[in-house]
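Q: Next up is a structure, given as structure tokens.
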Amino acid sequence: MSLTDKVIIVTGGTSGIGEGCTRHFAELGNKVVFASIQADKGAEMQQELHAAGHDAPFVETDVTDDAGVANLVKESLATYGRIDCLMRNAGAWREGKVTDFSDDDYNLIFGVNVRGNFLLLKHIVPVMEQQGKGTILITSSVAAFIGFPAHALYCASKASLEALIRCMATDYPGVIRTVGICPGTIDTPMLRASCAGWDIPEDELLADVAKKVPVRRLGSPEDVAKAAAFLLSDDAGYINGSSIMMEGGTLALPPW
Ligand SMILES: NC(=O)c1ccc[n+]([C@@H]2O[C@H](COP(=O)([O-])OP(=O)(O)OC[C@H]3O[C@@H](n4cnc5c(N)ncnc54)[C@H](O)[C@@H]3O)[C@@H](O)[C@H]2O)c1
């Protein structure tokens, strides 16, 4: 595994999948600049990681704020002089059919999940071009490929990332490698929030979901972090412009 001694930015790095990635990349010996809107959690994690001997500063950043994103890139460069990898992972989720959503819902989901990607790429691509090398991993979702009931906004936002990943591969050949990762059902605060509104207790509902996944369990942030570390490493150097599924075989199931 060649993911060590790299400078890696992780967005949404203080919860769920992003937290798992921040911790795993730091444990592998990388310098991890992790960012999110959770200032208190970020400060706590930074202190804990530092005490454990890791080099992982937190930068409070809203990925929908152009100036904040520019600052994240600037601070990472000022501290380490280079940015080898970006894990663009921050995400937002809302339920709803096309008849349900408000402008606020639209702006949140497309703002964080789509515009938040474009802003980061706008600021980081020139850095990687100047370095002559860089790797970008975008957290997409199986929702890009499945029409989950009452999830039109979320699914559409993730599907647009699949197009973005392909375009990145064609626009920066030989310099930037861009890959997507498509988690399925990963046990995180976002997944648990999606259980609200069901008349079954959360743990029962998730146990029932786990029984339907071909590997017979939910995924963990660590499952995603291990695959992400491989995808960001030079060992995955021929994977570019496409996404890897991380869904325990759910997509292999027959539709009825
Ligand atoms: N959990 C799953 O089953 C699952 C499945 C497929 C895809 N995903 C995707 O994985 C990613 C992480 O999801 P998770 O389940 O770990 O969720 P989570 O809610 O635990 O974490 C989301 C992270 O994004 C950050 N964030 C939200 N809005 C932000 C903003 N405007 N600026 C900066 N940071 C912001 C939060 O602070 C948090 O750190 C998301 O992109 C999500 O769509 C999750």
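Q: Looking at region 46-56, which of its residues are under 11 Å from Gly13 (Cβ atoms) and over 18 Å from the mean Cα position of the chain (by Cα)?
A: Within region 46-56, Gln46, Leu49 meet the criteria.
Q: With respect to the numbered conditions (1) β-branched (Val, Ile, Thr); (2) within 17 Å of the chain's Cα centre (by Cα); (3) farther than 28 Å from Pro126 by Cβ, which one is the sole condition not fulfilled by Val98?
A: Just one mismatch for Val98, condition (2).
Q: For Asp55, work out the one condition from (1) within 16 Å of the ligand (Cβ to nearest atom); (2) touching a strand residue (DSSP E or B) at 6+ places or on another chain (Cβ under 9 Å); (3) acidic (Asp, Glu) it doesn't fulfil.
A: Exception for Asp55: condition (1).
Q: What pairs can you find where one residue is in region 86-103 and in a loop (DSSP other than H, G, I, E, B) and more than 16 Å from the ligand (Cβ to nearest atom), the other is of a type outside the set (Phe, Trp, Tyr) and modelled with pLDDT of 95 or more, and their Cβ atoms are less than 6 Å apart, with a gap of 6+ or different chains?
A: Within 6 Å, the pairs are Lys97/Ala152; Val98/Ala152; Phe101/Leu153.
Q: Something else about it: Name the residues in region 186-208 that are closer than 14 Å to Trp93 by Cα and assigned to a helix (DSSP H, G or I), would you?
A: The answer is Pro189, Met190, Leu191, Arg192, Ala193.
Q: Further, regarding this structure: Only one residue in Phe25, Phe34 is of a type in the set (Phe, Trp, Tyr), touching a residue at least 60 places away in the same chain (Cβ under 8 Å) and buried (at least 24 other Cβ atoms within 10 Å of the Cβ). Which one? It would help to see each step written out before you state the result.
A: Working: Phe34 fails: touching a residue at least 60 places away in the same chain (Cβ under 8 Å).
Only one candidate passes the filter, namely Phe25.
Q: Kindly indicate whether any position in region 172-185 is touching a residue at least 60 places away in the same chain (Cβ under 8 Å), in a helix (DSSP H, G or I) and basic (Lys, Arg). Before you say what the answer is, go through the steps one by one.
A: Within region 172-185, the first condition is being touching a residue at least 60 places away in the same chain (Cβ under 8 Å), and the residues that meet it are 177-185.
Add one more test, that the residue is in a helix (DSSP H, G or I), and what stays is none.
The answer is no; no qualifying residue exists.
Q: Being assigned to a helix (DSSP H, G or I) and away from the ligand (no atom under 15 Å from the Cβ) is the filter here, so list the residues in region 127-167 that pass it.
A: Those that are assigned to a helix (DSSP H, G or I) and away from the ligand (no atom under 15 Å from the Cβ): Val127, Met128, Glu129, Gln130, Gln131, Ala163, Arg166, Cys167.
Q: Right, another one. In region 104-116, what residues are over 21 Å from Ile186 (Cα atoms), within 11 Å of the ligand (Cβ to nearest atom) and touching a residue at least 24 places away in the same chain (Cβ under 8 Å)?
A: Of everything in region 104-116, those that are over 21 Å from Ile186 (Cα atoms), within 11 Å of the ligand (Cβ to nearest atom) and touching a residue at least 24 places away in the same chain (Cβ under 8 Å) turn out to be Gly111, Arg115, Gly116.
Q: Among the residues of region 56-81, how many are assigned to a loop (DSSP other than H, G, I, E, B) and surrounded by fewer than 16 Cβ atoms within 10 Å (Cβ to Cβ)?
A: 2
Q: Further question on the same structure: Restricting to region 170-210, what's the tally of residues that are within 16 Å of the ligand (Cβ to nearest atom) and either over 26 Å from Asn113 (Cβ atoms) or not aromatic (Phe, Trp, Tyr) (or both)? Spell out the reasoning first.
A: First, the residues of region 170-210 that are within 16 Å of the ligand (Cβ to nearest atom): 178-196, 198, 202-203, 205-210.
Those left that are additionally either over 26 Å from Asn113 (Cβ atoms) or not aromatic (Phe, Trp, Tyr) (or both): 178-196, 202-203, 205-210.
The number of residues fulfilling the criteria is 27.
Q: Let me ask something else about it. Just to be sure I understand the filter: pairs with C-beta atoms under 6 Å, separated by 6 or more residues or on different chains, first member in region 135-150 and at pLDDT below 95, second member more than 11 Å from the ligand (Cβ to nearest atom) and in a loop (DSSP other than H, G, I, E, B). Which pairs pass?
A: Ala150/Glu95; Ala150/Lys97
Q: If I filter region 233-240 for residues that are within 16 Å of the ligand (Cβ to nearest atom) and either at pLDDT 95 or above or among the hydroxyl-bearing types (Ser, Thr, Tyr) (or both), do I get at least one hit?
A: Filtering region 233-240 for residues within 16 Å of the ligand (Cβ to nearest atom) gives none.
The answer is no, given that none of the residues of region 233-240 is within 16 Å of the ligand (Cβ to nearest atom) and either at pLDDT 95 or above or among the hydroxyl-bearing types (Ser, Thr, Tyr) (or both).
Q: Within the bounds of region 198-208, is there any residue that is surrounded by fewer than 17 Cβ atoms within 10 Å (Cβ to Cβ) and in contact (Cβ under 8 Å) with a residue 24 or more places away in the chain?
A: Checked against the condition, which is being surrounded by fewer than 17 Cβ atoms within 10 Å (Cβ to Cβ) and in contact (Cβ under 8 Å) with a residue 24 or more places away in the chain, region 198-208 yields no hits at all.
The values are calculated or read from the model by the stated rules, or taken from the named source; none is laboratory data. Given the structure is predicted, the values throughout are model-derived calculations rather than measurements. Every residue, glycine as well, gets a Cβ built from its backbone with ideal geometry; the counts of neighbours run over all protein chains shown.
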